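Single-structure report; data block below.
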Amino acid sequence: MLPRRSVIVLASIALISGPVLAACSSDSGTATSSSPATSGSITPTPEVSPSESLVGGDPSTWTPVEVTQSMNGDPVKLVVGQHAVFTDLPAVNKNNVIVLHAKFKGIVKITQPTATSNGGFQATTPGKTRITVWDGKPGKKKSQVIMYVVAHVSEDDGSGSTQPQ
């Protein structure tokens, strides 16, 4: 006789796998659990165009663009609403302050890094601006530039692709 825990686990597996197996069976209804399904019985997933992407048509819902220190001086292309995140900046703590600064503030909205979150920016209007990362507060004696990137922000044409400005 099986211990009570094994019976519960087996019953749970049977309850969960029943609908899964039914969903995996062929459209003709002739496949059974004793005969293996053929590869021809699987319906291919239709291709999804960029405008029908799973993340939605709103650029603010897209996966953020990752910006690393190795991209120093590089352009970062975004569409209005899209986010970018600095992923490998030094840690912010009581002894270390990291400051992000945009040359033209109306083009992007800066989010400063904290001890618990990465810094980044969101594209707000079409244009181009330089985003500088400082180790320390700009203008202080010991502060220095860690890196910079140039954000190129364009309008979204609704198809998931961008129109250069």
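The values are calculated or read from the model by the stated rules, or taken from the named source; none is laboratory data. All values derive from a computational prediction rather than experimental measurement. Cβ atoms come from the backbone with ideal geometry, glycine included; neighbour counts cover every protein chain shown.
Here are the numbers:
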item	result
Residue match in the stretch 114-127 (condition: among the hydroxyl-bearing types (Ser, Thr, Tyr) and either in contact with an Asp or Glu (Cβ under 6 Å, 6 or more places away or on another chain) or not in a loop (DSSP other than H, G, I, E, B) (or both))	no
Subset tally (residues that are β-branched (Val, Ile, Thr) and either at pLDDT 50 or above or surrounded by 14 or more Cβ atoms within 10 Å (Cβ to Cβ) (or both)) for the stretch 42-67	5
Verdict on Gly106 being out of contact with any strand residue (DSSP E or B) (no Cβ under 9 Å at 6 or more places or on another chain), at pLDDT below 95 and small (Gly, Ala, Ser)	no
Subset of the stretch 56-67 (residues that are of a type outside the set (Phe, Trp, Tyr) and assigned to a loop (DSSP other than H, G, I, E, B))	Gly56, Gly57, Asp58, Thr63, Pro64
Some residue of the stretch 135-155 being free of Cβ contacts under 8 Å to residues at least 12 places away in the same chain, acidic (Asp, Glu), more than 18 Å from Val85 (Cα to Cα) and surrounded by fewer than 19 Cβ atoms within 10 Å (Cβ to Cβ)	no
